[in-house]
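K.L.:
One structure, as structure tokens, below. Some questions next.
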Amino acid sequence: MEKWKKKLAKWGDEWKMALAGVARAGRSWKFDLGVILIALFFGTLMHILSVGLTNVQILFSGADFSLKLTILKEAFLQNFGININFWDFLPIFLISVVEGVLIMMIIATSRLKKQSKKLAKKSSEAGESGKISAIAAGLAVLGTGCPTCGTSLLVPVLGSVFAGSSAAIGAISGILTAIAIIIALLALKKIGTEYFALSIMVKRLNKKLRD
């Protein structure tokens with residue numbers, strides 16, 4: 001029992017760290033805008049697929065432009081719960097928002113990694129003792145993405161995209177929707193933790209160089 005309590009406590013700490021990372025990234029208006037735009041894109045796409053492939057075929061056919069515009073307009077408005085059942089709207093809304101956060105977190109983490117490398121190099125050139133580098137390396141272990149771009153995180157992210165799209169095809173499948181949300185949340189936990197670790201690393205390197 002004690003073992004499970006420790007695991008649960010560790011899991012809770014990891015989520016706190018991940019959410020703290022997302023909160024830090026969310027301080028930027030560019031990040032927030034990116035999340036909104038990406039969420040609207042994926043949400044519109046999934047709403048188009050929510051009635052099967054009929055709408056997709058119409059959009060890529062020689063059908064009247066006004067009909068295509070109507071399909072896109074209706075799918076876009078459904079992102080805001082307009083003309084759609086709440087229980088059909090909710091899972092797609094959740095998946096598209098998490099997807100927007102995930103993609104923006106990957107971009108933000110990639111930039112933070114580049115910044116941390118530059119600062120670490122400056123620290124080394126300035127003849128620092130190496131303690132900061134050791135701290136940075138220890139914090140970096142918390143994140144397991146690609147050293148330069150977070151490529152390894154693209155797999156769960158893309159997985160949640162396709163799972164979310166599958167969940168939207170035809171009648172919303174509760175099982176597929178649950179899988180999509182779980183995949184997206186696990187990916188968010190991973191990238192959020194990595195961003196949090198890197199943000200602390202960059203903060204400490206900056207402080208060390210200023211002292």
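The values are calculated or read from the model by the stated rules, or taken from the named source; none is laboratory data. Model, not experiment: these values are computed from the prediction. Every residue, glycine as well, gets a Cβ built from its backbone with ideal geometry; the counts of neighbours run over all protein chains shown. When the accessible area is computed, the model is the full protein with side chains, heavy atoms only, and any ligands, DNA or RNA have been set aside. Shrake-Rupley method; radii C 1.70, N 1.55, O 1.52, S 1.80 Å.
K.L.:
Can you send over the carbon and sulfur percentage of the accessible area for segment 1-120, probe radius 1.4 Å, protein chains only?
P.N.:
Numbers: 5210 of 7600 Å².
Result for segment 1-120: 69 percent of the exposed heavy-atom area is carbon or sulfur.
K.L.:
Still on this model: Which whole-number percent gives the relative contact order of segment 1-111, counting Cα pairs below 8 Å spaced six or more residues apart?
P.N.:
37
K.L.:
Let me ask something else about it. Which value, in debye to the nearest 20, describes the size of the charge dipole of segment 7-96 about its Cα centre when Lys and Arg Cβ atoms bear +1, Asp and Glu Cβ atoms bear -1, and nothing else is charged?
P.N.:
420
K.L.:
Starting from segment 19-50, pick out the trypsin sites (Lys or Arg not before Pro) whose DSSP state is loop and whose Cβ has at most 12 other Cβ atoms within 10 Å.
P.N.:
Within segment 19-50, the qualifying trypsin sites (Lys or Arg not before Pro) (loop, at most 12 other Cβ atoms within 10 Å) are R27.
K.L.:
Which lysines, on any chain, are close to K207 with Cα under 30 Å apart, when same-chain ones fewer than 8 places away are left out?
P.N.:
Within the straight-line cut-off, K207 pairs with K10, K16, K30, K113, K114, K117, K118, K121, K122, K131, K189, K190.
K.L.:
So, one more: With N set to the residue count of segment 1-119, report its C-alpha Rg divided by 2.2 N^0.38 Å to two decimal places.
P.N.:
My calculation over the Cα atoms of segment 1-119 gives 1.44.
K.L.:
Please calculate how many Å² of accessible area segment 22-122 carries per residue, with a 1.4 Å probe and no DNA, RNA or ligand atoms counted.
P.N.:
59
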